[in-house]
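The values are calculated or read from the model by the stated rules, or taken from the named source; none is laboratory data. Remember, it's a predicted structure, so these values are computed and weren't measured experimentally. Positions of Cβ are backbone-derived with ideal geometry, glycine not excepted, and every protein chain shown enters the neighbour counts.
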Amino acid sequence: MSAAAGIPAVEEVVAAYEALSAGSGEPPATPLVSLLVELHANNVAQWRREDAARSSDGDDAAVAAAKRDIDQLNAHRHRLLEAIDAEIAVFLRDNPSAPPSTETPAMAYDRLSVLVTRISFTQQAAVVHPDGDLAARLPMLREQLGVLSEAITVLLDELRTGRKRYVPYASFKLYGSPPPPS
């Protein structure tokens, strides 16, 4: 855990995401880690459904079903982001006069999850298609992971010390809502 008890070090979150992507992992140690792992599982499921929607093997009904699943997964993702930000807020010092951050911790962890997912799926695809350029993408993706991990660590430190503030994420998505009047 990081200096702010209850917020795991970014490296711990990456390890949990990677373990889940590999089909293993230990039960989450805290409610926050549980939410982060659930977010990652949701993102992996959404990635798979997006692949299904793009597949040339599917008929229109299969694509439509995948799109509906993606909407449900995305709606759940937004609820998780709100819950993660609320959980993190408990551990941080609020400084209303500090400059705002451009994203919330949950948004950053979501980006981290998507990048870990991209790396995992790229690694798998590189094994299946060793003659392609997929393996060549991995060093850049890992570099991006290092930079993003560092940025999240800095963001959490700035929030923890009151040098930055954030407004907890609120989605206001309209999944399943009627369209606005024309």
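Listed values, structure above:
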item: Among (1) modelled with pLDDT of 95 or more; (2) within 22 Å of Ile7 (Cα to Cα); (3) of a type in the set (Asp, Glu) - the single one Glu143 does not satisfy; result: (2)
item: Counted residues, the stretch 159-182 - those being at pLDDT below 90 and either at positive phi or not in a loop (DSSP other than H, G, I, E, B) (or both); result: 2
item: Top-ranked residue of the stretch 115-129 - restricted to ones that are surrounded by fewer than 16 Cβ atoms within 10 Å (Cβ to Cβ) and aliphatic (A, V, I, L, M), ranked as nearest to the chain's Cα centre (by Cα); result: Ala125
item: Residue within the stretch 85-108 that is crowded, with 16+ Cβ neighbours inside 10 Å, free of Cβ contacts under 8 Å to residues at least 40 places away in the same chain, part of a helix (DSSP H, G or I) and of a type outside the set (Ser, Thr, Tyr) present; result: no
item: Evaluation of Ala66 against (1) under 23 Å from Leu148 (Cα atoms); (2) surrounded by 17 or more Cβ atoms within 10 Å (Cβ to Cβ); (3) without any contact (Cβ under 8 Å) to a residue 24 or more places away in the chain (one fails), failing number; result: (1)
